[in-house]
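Derivation of every value follows stated rules applied to the coordinates shown; laboratory data play no part. A quick note: this is a predicted structure, and the numbers were derived from the prediction, not measured. Ideal geometry is used to build each Cβ from the backbone, glycine not excepted, and the neighbour counts take in all protein chains shown.
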Amino acid sequence: CSIRENAESKIYNRLDTLYAKGRQRKAQGGSKLLLGVLGCMAERVKDDLIANHHADIVCGPDSYLSLPDLIAQAELGHKAIDVDLSTTETYRDVIPQRIGDNRISGFVSIMRGCNNFCHYCIVPYTRGRERSRDVESILREVHDLSDRGFKEVTLLGQNVNSYGKNLEEPMTFAQLLREVNKIEGLKRIRFMTSHPKDLSEELIDAMRDCEKVCLHLHLPLQSGSSRILKLMNRRYTKEQYLDLVDRIRAKVPDVSLTTDIIVGFPGETEEDFLETMDVVRKVRYDSAFTFQYSRRTGTPAAAMEDQIPVDVVKDRFDRLLAEVQEISREVTARHTHTVQEVLVESINEQDPSLVTGRMSNNTLVHFKGDASLIGTLQNVYLDECRGFYYMGTPVENN
Ligand code: 5AD
Ligand code: SF4
């Protein structure tokens, strides 16, 4: 991942470690270790990975089909690089092996790339332009998952609300949801990420109407200050965002809202930051991912004057995190002493007499049960909320 500097630093460190291991292995008479970097970071850093960070293979996100060639070149001792971005590649024919999945819940990619060019964000440069996968191949993959016993899918894209615009036969994301909702055997549908500027009334209606669509919406705010939102190129204001939240809550009562927030965007003043705190207090998110602004070379924000000093960013970040966590604790606990439907995912890792599952809004619940419950929906009375999860007791299913 290239989205923040931290993620890339980890990869540089890992390359150093692996390179040292490879040399050791060679010195002991072993075969040569080939090092490859794949994905967004390969796209962003390109041949510098080969020149300065020991990589033998550099393969961008759209070049996976050339991997056999790249590996063959590298085995012959050449450095191999392919970072061409495609305007059509949607990975439609790639069937994931899903080795690590819990076999209950699976991710399905419905589009790639992004056209939004938020001014802090590297994604449009590393992933290229937005393209939607065709409906038939999405439905086929979801059917296939359902046939294999999966009960839940999460439809993934950088901006799912603009799904389908560039298809031969254009289709909206709301229409796609209604199609997926018809698939028998499937019990739950999640999706992310939604850009607030593209979230239509039609989608809110689909969330309300489709019984399998979960009561959870991830709606990145980024900043609560209209002035900063403009500088970020987010194309909505604080008031429009709050109005959208009201409209969603009016039609989908009790929906859980989660978000992403960046603090320390260039030019952010204390007043701007307090606007963000104000939105956090008004919306009362179930949870929020908070980030310190990371300067990504090549994005418009990286060239802006008035980058915020680290200590100021850190101070705002700490205050925001404290607020978000306090609200989250209160909001998460709102279902205490109610009965909720839980999709059981696994045996509890700490205590094998318990099973672990999720409520529709994604909150974890642990309760007494055995492996026969995995993959079923159970009604559970929520006895106690412990921070971010519940302990519950199963009740008779109707
Ligand atoms: N610095 C900090 N956070 C960022 N994000 C994207 N780009 C940056 C950046 N340069 C965050 C946004 C986005 C999430 C996935 O990562 O909040 O929603
Ligand atoms: Fe980045 Fe904005 Fe696209 Fe999200 S919508 S991937 S933040 S450019």
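Given the conditions (1) outside any loop (DSSP other than H, G, I, E, B); (2) within 27 Å of Leu34 (Cα to Cα); (3) more than 16 Å from ligand 2 (Cβ to nearest atom), which single one is not true for Val142?
(2)
I'd like to check something: does region 296-310 contain any residue that is surrounded by fewer than 17 Cβ atoms within 10 Å (Cβ to Cβ) and touching a helix residue (DSSP H, G or I) at 6+ places or on another chain (Cβ under 7 Å)?
Yes, region 296-310 contains a residue that is surrounded by fewer than 17 Cβ atoms within 10 Å (Cβ to Cβ) and touching a helix residue (DSSP H, G or I) at 6+ places or on another chain (Cβ under 7 Å).
Looking at region 215-251, which of its residues are among the basic types (Lys, Arg), more than 23 Å from the chain's Cα centre (by Cα) and within 16 Å of ligand 2 (Cβ to nearest atom)?
Scanning region 215-251 gives a single hit, Lys230.
So how many residues does region 311-322 have that are out of contact with any helix residue (DSSP H, G or I) (no Cβ under 6 Å at 6 or more places or on another chain), touching a residue at least 24 places away in the same chain (Cβ under 8 Å), within 18 Å of Thr259 (Cα to Cα) and more than 12 Å from ligand 1 (Cβ to nearest atom)? So that I can check it myself, show each step before the final result.
Going through region 311-322, the residues out of contact with any helix residue (DSSP H, G or I) (no Cβ under 6 Å at 6 or more places or on another chain) turn out to be 311-315, 317-322.
When the remaining residues are screened for being touching a residue at least 24 places away in the same chain (Cβ under 8 Å), the result is 312-313, 317, 319-321.
So of that shortlist, the ones also within 18 Å of Thr259 (Cα to Cα) come out as 317, 319-321.
Going one step further and asking which of them are more than 12 Å from ligand 1 (Cβ to nearest atom), we end up with 319-321.
So the answer is 3.
Out of Ser105, Ser63, I need the residue that is under 30 Å from Gly375 (Cβ atoms), surrounded by 13 or more Cβ atoms within 10 Å (Cβ to Cβ) and among the hydroxyl-bearing types (Ser, Thr, Tyr). Which one? Give the derivation first.
Working: Ser63 fails: under 30 Å from Gly375 (Cβ atoms).
Answer to the check: Ser105.
For the subset of region 77-92 comprising residues that are within 16 Å of Met41 (Cβ to Cβ) and β-branched (Val, Ile, Thr), which member is surrounded by the most Cβ atoms within 10 Å (Cβ to Cβ)?
It comes out as Ile81.
Inside region 145-163, can you point out the residues that are more than 20 Å from Asp209 (Cα to Cα), more than 16 Å from ligand 2 (Cβ to nearest atom) and touching a strand residue (DSSP E or B) at 6+ places or on another chain (Cβ under 7 Å)?
Leu145, Phe150
Assess whether Thr172 counts as being of a type in the set (S, T, N, Q), more than 30 Å from Ile374 (Cβ to Cβ) and in contact with a helix residue (DSSP H, G or I) (Cβ under 8 Å, 6 or more places away or on another chain). Walk me through it before giving the result.
Values: of a type in the set (S, T, N, Q): yes; more than 30 Å from Ile374 (Cβ to Cβ): yes; in contact with a helix residue (DSSP H, G or I) (Cβ under 8 Å, 6 or more places away or on another chain): yes.
It is true that Thr172 is of a type in the set (S, T, N, Q), more than 30 Å from Ile374 (Cβ to Cβ) and in contact with a helix residue (DSSP H, G or I) (Cβ under 8 Å, 6 or more places away or on another chain).
For region 217-226, state whether one or more residues are over 22 Å from Phe150 (Cα atoms) and away from ligand 1 (no atom under 16 Å from the Cβ).
Looking only at region 217-226, we keep the residues that are over 22 Å from Phe150 (Cα atoms), and these are 218-226.
Okay, now just the ones that are also away from ligand 1 (no atom under 16 Å from the Cβ), so 226.
Taking every residue of region 217-226 in turn, at least one turns out to be over 22 Å from Phe150 (Cα atoms) and away from ligand 1 (no atom under 16 Å from the Cβ).
Specify which of the listed residues (Gly128, Gly60, Gly113) is under 29 Å from Arg295 (Cβ atoms), within 16 Å of ligand 1 (Cβ to nearest atom) and small (Gly, Ala, Ser).
Details: Gly128 fails: within 16 Å of ligand 1 (Cβ to nearest atom); Gly60 fails: within 16 Å of ligand 1 (Cβ to nearest atom).
On inspection, the qualifying residue turns out to be Gly113.
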